[in-house]
Amino acid sequence: MSLPTTQKQWLIQGTGNGFETLVYQDAPIPKIGENAVLVKLRGASLNYRDLIMPQGKYFFPYHLPVVAGSDGAGEIVSVGSHVTKWKAGDKVVTLFNQGHQSGPVDVAASKTGLGGCIDGTLRHYGAFDQDGLVRMPANIDFVEAATLTCAALTSWNALYGLRRLKRGETVLVQGTGGVSLFALQFAKAAGATVIATTSSTKKAEVLKKLGADHVINYREDPNWGETARKLTPKGEGFEHIIEVGGESTMTQSLHAIKLEGVISLIGVLSGAKPKDNIMEPLFRLCTIRGVYVGSKEQMEEMIETIEKHNIHPVVDEKVFTLETAKEAYEYMWAKKHFGKVGIKIQ
């Protein structure tokens, strides 16, 4: 099959207000080295990180200009001369931090993020090191698979990276973003009890259909942390809390956590200003852990579970195209989405 010589891509040229620095442009098809593969990208998805990077608000390393997007899935079309792990035709998903293969993330690996330090996935073709990809699950499509790179792996790391979730334990998830919904699905697959929060009656019904055992409306109940704790066995609290709100939700998470439980701090959707005393983990005998996605080893384990339990990522009903990707940014920024925002690449 002969390949085109040029393609379209979304480049973050710099930082500013909104998404005016996100530019749709022509670019050459990347050349591959001896240890790399060329992937025809078929699907992508957005994360909160993608929205704040063009605005200069991202707090991990990135270098501009860069091709946007960390999340991608597609089919390998050619391989370098020293590639041993892949062949043309293999379906693959991108690894977020290309250098994070196993174990704890280190400084070097933290500087290998796609769509931040390395050209990402919002384009037709991408060149990736053979170690920077994982096998795509057989039970889902390309757009669904593209959601696994960041949100799914972050959830998996939160539940299994430090204190492995066990059957019968309790998990609290906040809202209906990608990380929280993946955590809900993974926790139910493990036999855990899951309590979810939302501000919408409509979303509460969907959370219940996904398996949530209880749903609390946090707008109606400002002390939802205490309410959630009372729903756990003996009222002792949660082994795992997926903390995506930050400034306005951490106090309630601290009220809800069990002794020796883990609060996985993942997002700052409501702000990043600390509101609780740094001694709180001592007073409550809990761990507050920052989570920065996860390793290839963890992602491979996660994919086995996705196939075993036939888990399908929750993708918003409105799926965008590569050409309309900036509209996807605006749609997500306006909080019109439920689950992951998907982008189909032709």
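We did not get these values from a lab; they are worked out from the coordinates using the rules stated. Quantities reported herein were computed from a predicted structural model and do not represent experimental measurements. Reconstructed Cβ throughout: ideal geometry from the backbone, glycine too, with neighbour counts over all protein chains shown.
A compact table of results
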| item | result |
| --- | --- |
| Translational D in µm²/s for segment 63-111 (Stokes-Einstein at 25 °C, 0.890 mPa s, Kirkwood Rh from C-alpha pairs) | 188 |
| Residues W10, W224 arranged by fewest to most Cβ contacts within 10 Å | W224, W10 |
| Qualifying chymotrypsin sites (Phe, Trp or Tyr not before Pro) for segment 29-122 [loop in DSSP, other Cβ within 10 Å: at most 10] | F59 |
| Set of lysines with alpha-carbon distance to K308 below 20 Å, sequence-local pairs under 8 removed | K91, K166, K188, K209, K296 |
| Share of pairwise Cα separations in segment 206-270, more than 17 Å, in percent | 42 |
| Degrees, to the nearest 10: 178-189 long Cα axis against longest axis of the chain | 70 |
| Candidate aspartates and glutamates for bridging to K31, where Cα separation is under 15 Å - those fewer than 8 sequence places away on the same chain excluded | D119, D129 |
| Prolate/oblate/rounded call for segment 153-290, Cα gyration tensor, a/c under 1.5 rounded | rounded |
| Residue-averaged 222 nm ellipticity for the chain, from DSSP H runs of 4+ at -39500 (n - 2.57), nearest 500 | -6000 deg cm²/dmol |
| Dimensionless Rg/Rh of the chain - Kirkwood Rh, Rg from C-alpha atoms | 0.97 |
| Relative contact order (%) - segment 228-346, alpha-carbon pairs under 8 angstrom, separation at least six | 18 |
| Alpha carbon centroid spacing (whole Å) that separates segment 99-153 from segment 162-201 | 23 |
| Length-normalised contact order for segment 51-112 - Cα pairs under 8 Å, 6+ apart - percent | 28 |
| Net charge contributed by nearby residues that have their C-beta within less than 9 Å of V194 (K/R +1, D/E -1) | 0 |
| Segment 160-220, Rg to Rh (Cα coordinates; Rh as Kirkwood inverse mean 1/r) | 0.97 |
| Sequence-separation-based contact order of segment 153-290, relative, with Cα cut under 8 Å and 6+ spacing, percent | 20 |
| Mean-position separation - Cα centroids, segment 1-42 and segment 277-333, in angstrom | 24 |
| Dipole of segment 153-290 [Lys/Arg +1, Asp/Glu -1 at C-beta], most positive-end residue of S264, V179, G246 | V179 |
| Compactness of segment 74-227 - radius of gyration and Dmax, Cα, Å | 18.4, 60 |
| Angle in degrees between helix 296-308 and the longest Cα principal axis of the chain, rounded to the nearest 10 | 80 |
| Square roots of five times the Cα gyration tensor eigenvalues for segment 1-115, Å | 26, 20, 12 |
| Beta bridges by DSSP in the chain, antiparallel share as percent, to the nearest 5 | 60 |
| P(r), alpha carbons of segment 88-156 - 5 Å bins starting at zero, rounded % | 3, 15, 27, 28, 17, 7, 1 |
| Pair E20, K8: separation of 7 Å Cα→Cβ label points (nm) | 2.3 |
